[in-house]
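Shown next, in structure tokens, is the structure this report addresses.
What follows is calculated from the coordinates using simple rules that are stated; it is not laboratory data. All values reported here derive from a predicted model rather than from experimental measurement. When we count neighbours, we look across all protein chains shown, and the Cβ atoms used for this are built from the backbone with ideal geometry, even at glycine.
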Amino acid sequence: MPAVTLITGAASGIGEAAVRLYAGRGHRVVAVDVDEAGLARLDALDGVVTLAGDVADEATNTGAVALALDRFGRLDAAVLNAGIGGAGPLESPGAIERFDRLFAVNVRSVALGIRAVVPALRAVGGGAIVATASVSGLRGDPGTWGYNATKAAVINLVRAAAVDYAAQRIRINAIAPGLTDTALTAGHLDTPALIERIPLHRWAGPDEQAEVLWFLTSPAASYITGVTVPVDGGLSANGGILPPPSGR
Ligand code: NAD
């Protein structure tokens, strides 16, 4: 019986790359996103069903699991990837409302997602969950306080949940993407100062993030739980105090 994976934030960027990779490797996929038009692009893929909804709502998460069980009869893994950026200066009007929305979409959704999928994973004897955090959750970036706080929260939520569910053979991990070429980062792509700070000296493609999501949900990662894997071209390893080596 083919494995079944639930993927959120599926209509664009890293999530869309993951849907195409998992489906291309024979998984059945439940693809969830708030963007109905974007999801329509995935309808033609073999073994993919789509669900439009806001991941900050519990009903979207429980509905996605119900759809997996109804259409495919089981659920083996979940990639909780949906996220938004931005908050603006801390003292700007509306900053706290935007902060609350960031936490709802980036953090509450991960808690709701884990809560919704674990009964289905238990029913098949265990499984794997991966959340998409960010290198922005590992340290502070200028003007990004709200987003940084949400991604740090995801990293520790994953640690704690991994400890809670390990005995049930459910592994829970995260990836911390560095700068990745998606709609979220459009407009920053040609900023030479950013590229200069990345030891591999280029952006990631969304496929490079999807490959690590795949690994972490696969049996090859059977002894890995509670970690966040930076997929960042060395960005988080770089202290940044000294100029980059010459000879590039
Ligand atoms: P993206 O904007 O291309 O894709 C994000 C997807 O999430 C979109 O399809 C969007 O419609 C969906 N989404 C947003 N809010 C939603 C909601 N409330 N309910 C359901 N779906 C919702 O961006 P991406 O870069 O592919 O981002 C994917 C994840 O990667 C995010 O969690 C983001 O924070 C994280 N990330 C991205 C980068 C990067 O450089 N692109 C770096 C670090 C982390």
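Around Asp100, under 15 Å between beta carbons, what's the net of Lys plus Arg minus Asp minus Glu among the other residues?
Residues near Asp100 contribute 0 overall.
For segment 224-235, what does the Karplus curve 6.51 cos²θ - 1.76 cosθ + 1.60, with θ = phi - 60°, yield as ³J(HN,Hα) per residue in whole Hz, taken in order and with x for Gly and Pro?
10, 8, x, 10, 10, 9, x, 10, 9, x, x, 4
Starting from the Kirkwood radius over alpha-carbon pairs of segment 4-233, derive D by Stokes-Einstein at 25 °C in a medium of 0.890 mPa s and give it in µm² s⁻¹.
D = 140 µm²/s.
Return the single residue from Pro192, Pro142, Pro230 with maximal mean-square fluctuation; model: Gaussian network over the chain, springs between Cα atoms under 10 Å.
Top of the fluctuation ranking is Pro142.
Express in nm, to one decimal, how much length is gained between Arg197 and Val124 on full extension, taking 0.36 nm for each residue of separation and deducting their alpha carbon distance. Don't skip to the end; give the middle numbers.
Values: separation 73, 0.36 × 73 = 26.28 nm, distance 4.38 nm.
Working it through step by step, the gained length comes to 21.9 nm.
In degrees, nearest 10, range 0 to 90: what is the angle between the Cα axis of helix 13-24 and the longest Cα principal axis of the chain?
Between helix and principal axis, roughly 40 degrees.
What number, in nm² with one decimal, is the all-direction average of the projected area of the convex hull of the alpha-carbon atoms of segment 174-227?
Values: hull surface 17.9 nm².
Directional mean of the projected Cα hull area for segment 174-227 stands at 4.5 nm².
Which three lengths, in whole Å and largest first, does segment 21-136 cover when its Cα atoms are put on their principal axes?
Largest first, segment 21-136 extends 49, 31, 27 Å along its Cα principal axes.
I want the local charge near Leu45. Using Cβ-Cβ distances under 11 Å, sum +1 for each Lys or Arg and -1 for each Asp or Glu among the other residues.
0
Please sort 2-11, 120-129 by packing, taking for each peptide the average over its residues of neighbouring beta carbons within 10 angstrom, highest first.
For the peptides 2-11, 120-129, the packing ranking is 2-11, 120-129.
Roughly what angle does helix 145-165 make with the longest principal axis of the chain, taking Cα atoms, 0 to 90 degrees, to the nearest 10?
Result, in degrees: 40.
Cβ neighbours within 10 Å, averaged per peptide: list 76-86, 61-71, 215-225, 235-245 in order, most packed at the top.
Packing order, densest peptide first, comes out as 76-86, 61-71, 215-225, 235-245.
If you scale each eigenvalue of the Cα gyration tensor by 5 and take the root, what three semi-axes come out for segment 31-80, rounded to whole angstrom and sorted largest first? If you can, show how the numbers build up before the last one.
Working: eigenvalues 52, 47, 14 Å².
In descending order the semi-axes read 16, 15, 8 Å.
Expressed in nm², what is the orientationally averaged projection area of the convex hull enclosing the Cα positions of segment 102-150?
About 3.6 nm², averaged over all directions.
Which residue fluctuates most in the GNM of the chain (Cα springs below 10 Å): Glu208, Glu58, Glu91?
Greatest mean-square fluctuation among the candidates belongs to Glu91.
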